[in-house]
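So the structure is just underneath, and the comments pick up after that.
The values are calculated or read from the model by the stated rules, or taken from the named source; none is laboratory data. All values derive from a computational prediction rather than experimental measurement. Every residue, glycine as well, gets a Cβ built from its backbone with ideal geometry; the counts of neighbours run over all protein chains shown.
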Amino acid sequence: MPVLKVDELTIAYGASDIVDRLSFQVEAGQRLGIVGANGSGKSSLLRAIAGELVPSRGSVALAPRIRVAHLPQELEASPHESVYADALHSRPDIMGLRAELDAMGTVLSRAKVEEVSGLLERYGDAQHEYERLDGYAYDSRVAEVLHGVGLNERDQALQPAALSGGQRRRLALARLLLQDADLLLLDEPTNHLDLQAIEWLEGFLHLNRAGMLIVSHDRRFLDRIVSDILELQAGVGEWYPGNYRQYVRLRRERRTLQQKEYQAQQEYIARTEEFIRRYKAGQRAREARGRQTKLDRLERVAPPAVDEQIRIQLKASGTSQQIFQSEGLRIGYGERELLAVPAFTISAQERVAVVGSNGSGKTSLLKVLLGELRPIEGRVRLGPRVRMRYYDQHLADLDPSKTVVQELQDAFGLPEETLRTFLGRLLFTGDDAFKTIRALSGGEKSRVALAKLMLDDAGLLLLDEPTNHLDIPAQEMLEEALTTFEGTVVFVSHDRYFIDAIATRLWTIEGGAVTMNLGNYSDFERRRERAAGDKTGTAAAPSPGKGSRAPQPPAGRRPADALETEIGDLEDQLRGIEERLADHETYNDRTLVAELSQEHEATSDRLRILYKEWEQAADQRAGD
């Protein structure tokens, strides 16, 4: 039995239906990712399921006794005096019973024996229910969960309003965990989280058996968590089995097929209409009328929906070959050292990603490179002929009192009509160009900041969390623009998909120190996992001396040649599964689709394990 059933749901704002006759269901334990451009109705759908928004038409049905927990995108201020108290009130049933037991206990302590018989019975019933809810262990569980999400005793004593954005998000996740819900509604759960917290959240959700609806712009998070994808576009929902990577491939294949079917039908319609025009008044008029009747009854194939996408093109001015050079830095504020950076050189056209936990000094490092923050020790030399442009994650360089056009005119001095045409590429149409900055959404403000990057021709871009507030289509356009950008990019990001697409080097901040790595985030993860495996594995065999035998693979480890054979077989098997999933007739059988998706995931997981094992075996062979 499904935990959730949505039937013909319609959500309207004004005269427009942002969600139109949407129907789907979620089974127990199923993890559904919901994707779509900003404004497509994703958050509204979650609010309707949570009962916070009344739909125009249709229904939302939950299974009996289902507990629902909702993590909204925008978090309301807490009325409680501390973080710990706020977390305690995640379970109003437990806290209500606790207050009731305390009140009855006070009355019982003061009442006469002959007055307490009925009250004792009620007290016993409440106490039994409190025990059933595990209320006596609740306080220790709250402390355990708060520590688990990274909020220590000092944080727990603060007022919720005093927390940073990332800390508030962790508190909201702790409240969600404490509710022991059967259905989780998560709206952008990774917003304001650093990579460590995102990876912790992934681990928690993997262990949680609740059904989930997850709205997210984090593609790697969707890849790792969800089992199905619901895409919302132009009010219509379309279901895809599998994670985000499978969704992208299946969506492309479905649209290609739909375009072919649409074109074929249009050609048939054109031929039929030409026949009717030529013969409607001649000897074959009866046949022409028959064809007209068939044409009138023909169910028309809709063309594939056209994605409204921003168009980004970044120009780069010429620079010297050396962009930055430093013998090492100590970065901090006053006497407090925040970060130690070893000697480094950044050359032209490199793409350096900077990652680390919140508060580790990522933005401060960018400010030192920008020249806005003086290091405690050391200095950075900027190459000649290097013009730079900075993207602030807080968008503080935008004047909230100006209109979009004024912001760009004051920066670049271009005519209004030129700017209005240009802004159309960033989906600012009509009067949107004359909205004030303060009236824009986070995504719209980000697009204005991107417009300023596009109108400049700096050869060096310093970007601080550039994908914040951007939906997935906009992220993909920015990735494409940065990939073809002929200048140099240094950027801070927690978006692993984005880092993988752009970075050629990775600077990781941990324990107040920067470590510099070649490659992107996936390369870093592989090295980290291999290092962890080496620590738990058997000791390396000694180098063979004269007359000794060549070392054999450690017990349980197979040689690279044997692994290559199995990898080849599994890759063939994976291609076969993908070919079946690419066949549109497969989707006539939902059970088969589910089985193939599970088989695809299991085979992919097995291949990832074998790839790592092969790397270790290949390294062993190279060392021999």
**Prompt:** Would you say residue 294 is in contact with a helix residue (DSSP H, G or I) (Cβ under 7 Å, 6 or more places away or on another chain), of a type outside the set (Asp, Glu) and more than 30 Å from residue 33 (Cα to Cα)?
**Reply:** no
**Fill in**
Requiring at least 3 residues that are under 15 Å from residue 489 (Cα atoms), the strands (runs of 3 or more DSSP E) wholly within segment 317-397 are 322-326, 344-347, 351-356, 388-391
**Message:** Yes or no: segment 70-89 includes at least one residue that is over 23 Å from residue 470 (Cα atoms), crowded, with 20+ Cβ neighbours inside 10 Å, of a type in the set (D, E, K, R) and more than 26 Å from the chain's Cα centre (by Cα).
**Reply:** yes
**Message:** On the basis of being in contact (Cβ under 8 Å) with a residue 24 or more places away in the chain, under 30 Å from residue 149 (Cβ atoms), not β-branched (Val, Ile, Thr) and not assigned by TED's automatic domain parsing to the domain that holds residue 475, does residue 207 make the cut?
**Reply:** no
**Request:** Could you please let me know if residue 58 is of a type in the set (Gly, Ala, Ser), under 26 Å from residue 310 (Cα atoms), part of a strand (DSSP E or B) and touching a residue at least 40 places away in the same chain (Cβ under 8 Å)?
**Result:** no
**Asked** Name the residues in segment 414-464 that are under 24 Å from residue 353 (Cβ atoms) and of a type in the set (S, T, N, Q), would you?
**Response** 446
**Message:** Show me the helices (runs of 4 or more DSSP H) found entirely inside segment 124-207 where at least 2 residues are more than 24 Å from residue 355 (Cβ to Cβ) and modelled with pLDDT under 90.
**Reply:** 138-148, 153-157, 165-178
**Complete:** residue 481 passes all but one of the listed conditions (1) of a type in the set (Gly, Ala, Ser); (2) part of a helix (DSSP H, G or I); (3) more than 29 Å from residue 352 (Cα to Cα); the exception is number (3)
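Taking segment 461-478 on its own, how many of its residues are of a type in the set (S, T, N, Q), outside any loop (DSSP other than H, G, I, E, B) and buried (at least 23 other Cβ atoms within 10 Å of the Cβ)?
The initial filter retains those residues of segment 461-478 that are of a type in the set (S, T, N, Q), namely 467-468, 475.
When the remaining residues are screened for being outside any loop (DSSP other than H, G, I, E, B), the result is 475.
Imposing the further condition that a residue be buried (at least 23 other Cβ atoms within 10 Å of the Cβ) reduces the set to none.
Here the count works out to 0.
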**Asked** Can you tell me which residue in segment 486-507 is farthest from the chain's Cα centre (by Cα), limited to those that are assigned to a loop (DSSP other than H, G, I, E, B) and buried (at least 22 other Cβ atoms within 10 Å of the Cβ)?
**Response** 487
